[in-house]
Amino acid sequence: MKIHIIHHPDEALVRIFSVMISNERKIMATIEELTQAVADVKAIVDQFGPAVNAFEARITQLLVGQIPPNVQAAVDRAVEDLKAVAGSGSAALADAADGIDEAAQPPSPPPADTTPPPADQPA
């Protein structure tokens, strides 16, 4: 005895579309989470630069002429380090927004040197 099960094509399509809609909802939820996470990081980084500048201005105001030059140099270096951190945060955001996952892609090889040798040297 053979049993043949015939699925109505509409039932198969309904199942396919149901799976597609379910997957689409999951993707959209993930995109919304990503968008929120990026907005949260951006808000923090956006506050960092002005905070460093305010810190630098306040320290300068309080300490101008009151500390030895070597200590002032150390403070200046610390402020520059903080500015570099802010720059790194901006660079990280720019990298995250470029649409390229550098960790998943090997770096591009450097371009070949196409400079011709000087005329007095053989190629």
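Within the range 24-74, being within 26 Å of the chain's Cα centre (by Cα), basic (Lys, Arg) and under 26 Å from GLY89 (Cβ atoms) holds for one residue alone: LYS42. VAL52 meets the conditions (1) surrounded by 10 or more Cβ atoms within 10 Å (Cβ to Cβ); (2) among the β-branched types (Val, Ile, Thr); (3) part of a loop (DSSP other than H, G, I, E, B) in every case but one. The failed one is (3). Could you please let me know if ALA92 is at pLDDT below 80 and in a helix (DSSP H, G or I)? Taking the combined requirement at face value, the residue satisfies it.
Confirm whether THR60 is without any contact (Cβ under 8 Å) to a residue 24 or more places away in the chain, among the polar types (S, T, N, Q) and either closer than 30 Å to GLY99 by Cβ or touching a strand residue (DSSP E or B) at 6+ places or on another chain (Cβ under 8 Å) (or both). It is false that THR60 is without any contact (Cβ under 8 Å) to a residue 24 or more places away in the chain, among the polar types (S, T, N, Q) and either closer than 30 Å to GLY99 by Cβ or touching a strand residue (DSSP E or B) at 6+ places or on another chain (Cβ under 8 Å) (or both). When PRO69 is tested against the conditions (1) closer than 27 Å to ALA97 by Cα; (2) at pLDDT 80 or above; (3) not aromatic (Phe, Trp, Tyr), the lone failure is (1). Selection of the range 59-74 for residues being of a type outside the set (S, T, N, Q) and either surrounded by 11 or more Cβ atoms within 10 Å (Cβ to Cβ) or closer than 21 Å to GLY87 by Cβ (or both) yields ILE59, LEU63, ILE67, VAL71, ALA73, ALA74.
The values are calculated or read from the model by the stated rules, or taken from the named source; none is laboratory data. It should be emphasised that the depicted structure is a prediction, and the values quoted were computed from it without experimental measurement. Every residue, glycine among them, receives a Cβ derived from its backbone with ideal geometry; neighbour counts consider all protein chains shown.
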